[in-house]
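Step one of this worksheet: look at the structure below.
The values are calculated or read from the model by the stated rules, or taken from the named source; none is laboratory data. All values derive from a computational prediction rather than experimental measurement. A quick note on method: Cβ atoms are made from the backbone with ideal geometry, for glycine too, and the neighbour counts reach across all protein chains shown. Just so you know, the surface numbers come from the protein's heavy atoms only, side chains and all, with ligands and any DNA or RNA stripped out. Shrake-Rupley method; radii C 1.70, N 1.55, O 1.52, S 1.80 Å.
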Amino acid sequence: KAGVTQTPRYLIKTRGQQVTLSCSPISGHRSVSWYQQTPGQGLQFLFEYFSETQRNKGNFPGRFSGRQFSNSRSEMNVSTLELGDSALYLCASRPLGAIDSPLHFGNGTRLTVT
Amino acid sequence: DAKTTQPPSMDCAEGRAANLPCNHSTISGNEYVYWYRQIHSQGPQYIIHGLKNNETNEMASLIITEDRKSSTLILPHATLRDTAVYYCIVRAKNSGNTPLVFGKGTRLSVIA
């Protein structure tokens, strides 16, 4: 099975711009989560989607949003980019149903805001 | 979810067993112990998880103490490719959409 695929792998944007990141989960996985990783804060949860609905949200401003499509693919959007949004953005998927199913992560999109 | 404590760093000689400890003294009966690792510039990789019995898979073994207050991840024959940050995470059964909470982990350096 193919793993979690994230595109693009690297992205450079300017302050004030917006960006959209894409994630394709493992086939059959219906839940998709997004995490932000920075050297200072480590891995922090952004949000989780399944059945095209946001199920949980971390402590991030409204500039961070996401959505999930009927094929379980997900996108996240960051508007009005700030320098502090520079980070590795990780997507993870898991199947629903099994109570202890682990998350499977992609290799992330590294966003640099200048 | 219970908090975990891990040493910030460890070294291991190539070919030897790497034993990574994790303390989770406030773990409750319905909480699993999960281990992930993150190799530089990659996403976290799931390794293994367990509830109370010891577990083994093709990557590692997980030893959980009888009182469940601590656990050890064992990489039986460490290679240079095992150099990574290892995260121990405790998470309740039926957590549903409760997110994983990552601490700072243990940076394992495998030395030739």
- Semi-axes a, b, c in Å (a largest) for the protein assembly as shown, each sqrt of 5 times a Cα gyration tensor eigenvalue, come to 30, 21, 16
- Once both label points are put 7 Å beyond Cα along the C-beta direction, the A:Q17-B:D11 separation in nm becomes 4.3
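Over 24 Å, how big is the tail of the calculated P(r) for chain B, in percent of all Cα pairs?
19
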- Query: Around B:I63, what is the net charge, scoring Lys/Arg as +1 and Asp/Glu as -1 over all other residues with Cβ under 15 Å from its Cβ?
  - Reply: 0
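Compute the relative contact order of the range B:24-112 as a whole-number percentage, counting only Cα pairs closer than 8 Å that sit 6 or more residues apart in sequence.
Values: 166 pairs, mean separation 26.3, N = 89.
It rounds to 30 percent for the range B:24-112.
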- So what is the relative contact order of the range B:29-68, in percent, for Cα pairs below 8 Å that sit 6 or more residues apart? 30
- Nearby lysines by direct alpha-carbon distance to A:K57 (threshold 22 angstrom, same-chain neighbours under 8 apart not counted): B:K3, B:K93, B:K104
- Message: Give the B-A buried accessible area in Å², both sides summed, 1.4 Å probe, nearest 100.
- Response: 1700
- For the range A:1-108, the dipole about the Cα centre with charges only on Cβ (Lys and Arg +1, Asp and Glu -1), to the nearest 20 debye, works out at 140
- Query: Given Cα pairs under 8 Å that are at least 6 residues apart, what percent is the relative contact order of chain A?
  - Reply: 36
- What share of Cα pairs, in percent, lie more than 15 angstrom apart in the range A:1-94? 58
- Evaluate the distance, in nm, between pseudo-label points positioned 7 Å from the Cα of B:A112 and of B:N54 along their respective Cα→Cβ axes. 3.3
- So, in nm, how far is label A:T112 from label A:T53 when the simple model puts each one 7 Å beyond its Cα toward the Cβ? 4.1
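What's the long-distance tail for the range B:1-52, i.e. % of Cα pairs beyond 13 Å? Could you put the intermediate results ahead of the total?
Working: 931 of 1326 pairs.
When every Cα pair of the range B:1-52 is considered, 70 percent fall beyond 13 Å.
Give the average, rounded to an integer, of partner chain Cβ atoms located within 10 angstrom of each Cβ in B:37-49. Walk me through the numbers before you get to the answer.
Working: counts 0, 5, 1, 0, 5, 6, 16, 12, 5, 7, 1, 1, 3.
Neighbouring Cβ atoms belonging to other protein chains average 5 per residue here.
Share of the protein assembly as shown's accessible area from carbon and sulfur, percent, 1.4 Å?
Of the solvent-accessible surface of the protein assembly as shown, carbon and sulfur hold 48 percent.
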